[in-house]
Number of protein chains: 2
Amino acid sequence: METWIFVLFVIGILPGLCPSILSAPQESRNNYLERRKAFLAAETKQIVGAGIALNDKEKKLNEILISAKEKEVNSGFSTTFAPTMNFLVGRYLVEQSAVFNIIKQMPKGGILHIHEISIADPKWVISNITYLPHLFYCVRTDFFSSLHFKFSENPPGTPPSDCRTDWTLVAQSRAEIGAEVFDALLYTNFTMSTPHPDEVYPNTTMSWLRFQGALTALTDLYFNTVSFKAMVKQGLERLVQDNVQYIEIRTIMNGLQELDGKVHPPEYTFQQFKEAIEEFKGEFPNDFSGAKIIFTSIRVPENKTLILEQVKMAMKLLKEYPECFAGYDLVAQEDLGGPLVDYIDQLLYPSQQGVDLPFFFHAGETNWEGTSVDRNLIDAILLNTSRIGHGYAINKHPGVMEAVKTKGIAIELNPISNQVLHLVHDLRNHIGAGLIGDNYPVVVSSDDPAAWGALPLSHDYYMAFMGLAGETTGLTLLKQLAMNTIKYSAMTTDEKAVATKLWQAKWDKFVGDVLKQYGYP
Amino acid sequence: METWIFVLFVIGILPGLCPSILSAPQESRNNYLERRKAFLAAETKQIVGAGIALNDKEKKLNEILISAKEKEVNSGFSTTFAPTMNFLVGRYLVEQSAVFNIIKQMPKGGILHIHEISIADPKWVISNITYLPHLFYCVRTDFFSSLHFKFSENPPGTPPSDCRTDWTLVAQSRAEIGAEVFDALLYTNFTMSTPHPDEVYPNTTMSWLRFQGALTALTDLYFNTVSFKAMVKQGLERLVQDNVQYIEIRTIMNGLQELDGKVHPPEYTFQQFKEAIEEFKGEFPNDFSGAKIIFTSIRVPENKTLILEQVKMAMKLLKEYPECFAGYDLVAQEDLGGPLVDYIDQLLYPSQQGVDLPFFFHAGETNWEGTSVDRNLIDAILLNTSRIGHGYAINKHPGVMEAVKTKGIAIELNPISNQVLHLVHDLRNHIGAGLIGDNYPVVVSSDDPAAWGALPLSHDYYMAFMGLAGETTGLTLLKQLAMNTIKYSAMTTDEKAVATKLWQAKWDKFVGDVLKQYGYP
């Protein structure tokens, strides 16, 4: 290579990422290695978090972290690597990890993609909520014999049509079967727990069937005046224990049912959320920055009237409670139908009324390319979504890829959810790896951690760090992921400043704490 | 949206792929649907093959194909979808497919990534080559009890150090055990065939262990004067039967061994290849455009002297036989070491001598991001490779992504190989899906089809069509994939013109034939 071309190239005047466009006849070894170094450096600069300059303490922590990561990668190479195993059976490997032990302690910022009923610990739900009096259950007709529950002062009468037994008192069955066995059965029912997930749920359809069975039971236990606030608060306590400082809760906001059968309107549910959150914030002012609600309709085809009503309610809540209400989304297994474009009149309604209702659409949680589900990604973009939930199909949509990068629309990655629900087996194939490698706006979240026995955020951060990023990518990625949860949250600029301050103090303490654990003063 | 902006947008003056950058307050349903249509159209234009204008007959065939594809996707959705199953057990599903039946008949152009010993049908090898006289075998010490073979007039003496038995005559064991059982055992040994691949080969390491065991046996049977030309020719016959018109054969070019133990130099092997290819071309002038050889060294660390010798031999062959010799590559499991950068002096040697030796590097056949293996992709680019073999890690390298697109460096996708060798489970997660969706230069190939009982190219084309492309992507993709094998081949411009003519005649016949089968005149 001519020296002057080489100089131009090294100082970066020629197009940054593509030095190889210069052919290099009769090149020396040293020239080649310089060119290689520059290419590697340019690529490294593209990784999420690469812009962060670590301070001295952080650099030391980074060394510890990278060294632990390398050990786990090497051991994974010769034995089994946790991100390649279904989390339902691979979790034990994570629990033994030094990297995981650090990540657990790390202040992770916020959870921006999680569903209300999957926040509380199912073990806590069993030993507390299902021990409350007046709780009935019936066994459903689905393949996995999922359960329905109902709190009721009096015998609740006819069971729902999808049950094949009568209502029975939980206390009575527990006494008959024995608490230990009964509670173990409940755990199997409230979660997807099984020693052979790939055989029991061999595809997306089967895993969603069991998943929704688990969610239905928890939904019954959640939306009633007996347990609601306790479940919300236990969820928030779990967050704080997992070093999470903020949350945006997606909720279907069912009406809360009283013991006498009376059902409150959804607005009451919102008020109860608001109260629980405020009370909790009051109890943990140094650990918790707050929570916002994302109202989610269920994407049932031909549900348009209800969806318009719910969109209107979202507009009303946004207007009245902007500090506590973030926006709107649609949920349920995308693959089964009800694509966004089916509700286009309802979803255009706010903007037609001059109201800027933020959308946080689930989109592209699928592997079925070219289908209506897959195209939810396009509608999410065209409807000006604030973030995209999952976006798993995004790599098949160059237009969407470009739009999210240009407009800074964060993709809410939920690696463990996508694995357990059969979108991807080996997490190193997760689309998040490409997004992280090319500085796309991403946040890491957990979707429904209770359903697979994960912590609110630590397990997913571990998978993102180990499975979705390279061996040499360290603390800058984790720090940026935490900062992104604030940056891409629905918080106002002022709220973000306050949240950042709270997080930063915890971050500095975390860095010092881990250094101490590793023997540094 | 202002009308004039909308008009500008529709006629494509505003940046093509990102219409959504225009926010659209108070938009009507119709405006939205127009905007959506334009976005979809812009994305569709990005798919490999989208530039092809189909003629009337092709349009009809496309309808048939899309309709068959939709049926298989729908049935896959509710039951099992072949691209999501390990090919070693899912093959039966493909054989029943109407789409596959069309693809089998389609002239597929060339195979640009295949290894010499994996072209002939292992069943043919068993019933022909292993029935030749003077063939000995011994059982190796590896976990899977793979085999070594040797043609030898006299008892061949001491077995190799990796064998745990003495040399035994194949004919003798076959007589003792019974031909049916013995030949079935051979098939298990020559291929990765097993009813439970995910249990038997639970990770990359185990699958490569068995894979290399199978390859070693076939290598012994291939590189000797007794069987060589017959095996080469059977491989070429299989190609033609599978409607493949051209091939670039990667070969380690071992010396051919005579029955008396004498071993010819590698140049002799090349001459024998050349003869076999020319003879075959003479026999099938209307079906076969020819073959070229890519010489591949084995990437064994500390093998630098040998590699330099082999690079020099490649330069010599290129100079002497440019019509039959294509270039150079390095092979073997990348994950185990010997990255390109280790051989930088040897690989810079040709250009330093002013010789343009084309490289066809295997690179990034890995999920281990950030490792030396993963960085082979970068060295392949910096060394000005003509194509990239596998490139599975490419989506984690934005710089490499940009370079291959800008420079037109084709990625040789081998979907079934990557699945069987445990890089990816569900082929819809294969990186090729993103590449095909964004018009990257790609060809589809088969790597080692014999090892997993696949046809030379049809099964991989089926997987690319069904698993790596959307439900609405039809004949244009298949046609472009075939044309790409000529475009990105090592043929000269004149050779390409001849090959295109031969292929085009077959293509027109294929279109007519399938239309007839579906009842169109």
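The values are calculated or read from the model by the stated rules, or taken from the named source; none is laboratory data. It should be emphasised that the depicted structure is a prediction, and the values quoted were computed from it without experimental measurement. With ideal geometry, Cβ positions are generated from the backbone for all residues, glycine too; neighbour counts draw on all protein chains shown. Note: areas computed on protein heavy atoms with side chains; ligands, DNA, RNA excluded. Shrake-Rupley method; radii C 1.70, N 1.55, O 1.52, S 1.80 Å.
Of note:
- Cβ pairs under 6 Å, 6+ apart, first in the range A:207-218 and over 13 Å from residue A:420 (Cα atoms), second β-branched (Val, Ile, Thr): A:214/A:191; A:218/A:117
- Qualifying residue in the range A:82-100 (condition: more than 14 Å from every other protein chain (Cβ to nearest Cβ) and at positive phi): no
- Residue count, the range A:376-399 (criterion: closer than 24 Å to residue A:425 by Cα and more than 7 Å from chain B (Cβ to nearest Cβ)): 9
- Any hit, the range B:490-512, residues being buried (at least 21 other Cβ atoms within 10 Å of the Cβ), aromatic (Phe, Trp, Tyr), touching a Leu at 6+ places or on another chain (Cβ under 9 Å) and assigned to a helix (DSSP H, G or I): no
- Comparison of B:402, B:471 shows that the only residue that is within 14 Å of another protein chain (Cβ to nearest Cβ), assigned to a helix (DSSP H, G or I), among the charged types (D, E, K, R) and open to solvent by 20 Å² or more (accessible area, probe 1.4 Å) is B:402.
- Residue within the range A:412-420 that is in contact with a strand residue (DSSP E or B) (Cβ under 6 Å, 6 or more places away or on another chain), surrounded by 24 or more Cβ atoms within 10 Å (Cβ to Cβ) and in a strand (DSSP E or B) present: yes
- Any hit, the range B:126-148, residues being surrounded by fewer than 17 Cβ atoms within 10 Å (Cβ to Cβ), within 30 Å of residue A:73 (Cα to Cα) and under 24 Å from the mean Cα position of the chain (by Cα): no
- Boolean, residue B:481 is touching a Lys or Arg at 6+ places or on another chain (Cβ under 8 Å) and part of a helix (DSSP H, G or I): yes
- Search result, residues across the range B:25-59 that are more than 24 Å from residue A:368 (Cβ to Cβ), surrounded by 17 or more Cβ atoms within 10 Å (Cβ to Cβ) and more than 10 Å from chain A (Cβ to nearest Cβ): B:34, B:58
- Count of the range A:72-93 residues, restricted to those that are closer than 17 Å to residue A:463 by Cβ and surrounded by fewer than 16 Cβ atoms within 10 Å (Cβ to Cβ), is 4.
- Among (1) closer than 30 Å to residue B:87 by Cα; (2) open to solvent by less than 10 Å² (accessible area, probe 1.4 Å); (3) among the polar types (S, T, N, Q), the one test that residue B:212 misses: (2)
- Total residues in the range A:1-42 satisfying the condition of being under 23 Å from residue A:464 (Cβ atoms) and at pLDDT below 95: the figure is 0.
- Of residues in the range A:405-440 being acidic (Asp, Glu) and closer than 30 Å to residue A:197 by Cα, the one nearest to the other protein chains (Cβ to nearest Cβ): A:426
- Test: residue in the range B:315-336 that is open to solvent by less than 10 Å² (accessible area, probe 1.4 Å), in a loop (DSSP other than H, G, I, E, B) and closer than 29 Å to residue A:82 by Cβ: no
- For the range B:469-484, a residue qualifies if it is under 15 Å from the mean Cα position of the chain (by Cα) and under 24 Å from residue A:395 (Cβ atoms), and the qualifying residues are B:481, B:484.
- Search result, residues across the range B:301-314 that are open to solvent by less than 30 Å² (accessible area, probe 1.4 Å) and either part of a loop (DSSP other than H, G, I, E, B) or touching a helix residue (DSSP H, G or I) at 6+ places or on another chain (Cβ under 6 Å) (or both): B:307, B:311
- Annotation note: of A:133, A:107, the sole residue that is farther than 19 Å from residue A:447 by Cα and outside any strand (DSSP E or B) is A:133.
- Hits in the range A:246-273 (condition: open to solvent by 30 Å² or more (accessible area, probe 1.4 Å), in contact (Cβ under 8 Å) with a residue 12 or more places away in the chain and in a helix (DSSP H, G or I)): A:266, A:267, A:268
- Subset of the range A:280-300 that is open to solvent by 70 Å² or more (accessible area, probe 1.4 Å) and touching a residue at least 24 places away in the same chain (Cβ under 8 Å) - its residue that is nearest to residue A:337 (Cα to Cα): A:298
- A count restricted to the range A:234-245 and to residues that are in contact with a helix residue (DSSP H, G or I) (Cβ under 7 Å, 6 or more places away or on another chain) and open to solvent by less than 10 Å² (accessible area, probe 1.4 Å) stands at 3.
- The condition of being part of a helix (DSSP H, G or I), surrounded by 24 or more Cβ atoms within 10 Å (Cβ to Cβ) and either out of contact with any helix residue (DSSP H, G or I) (no Cβ under 9 Å at 6 or more places or on another chain) or aromatic (Phe, Trp, Tyr) (or both) does not hold for residue B:392.
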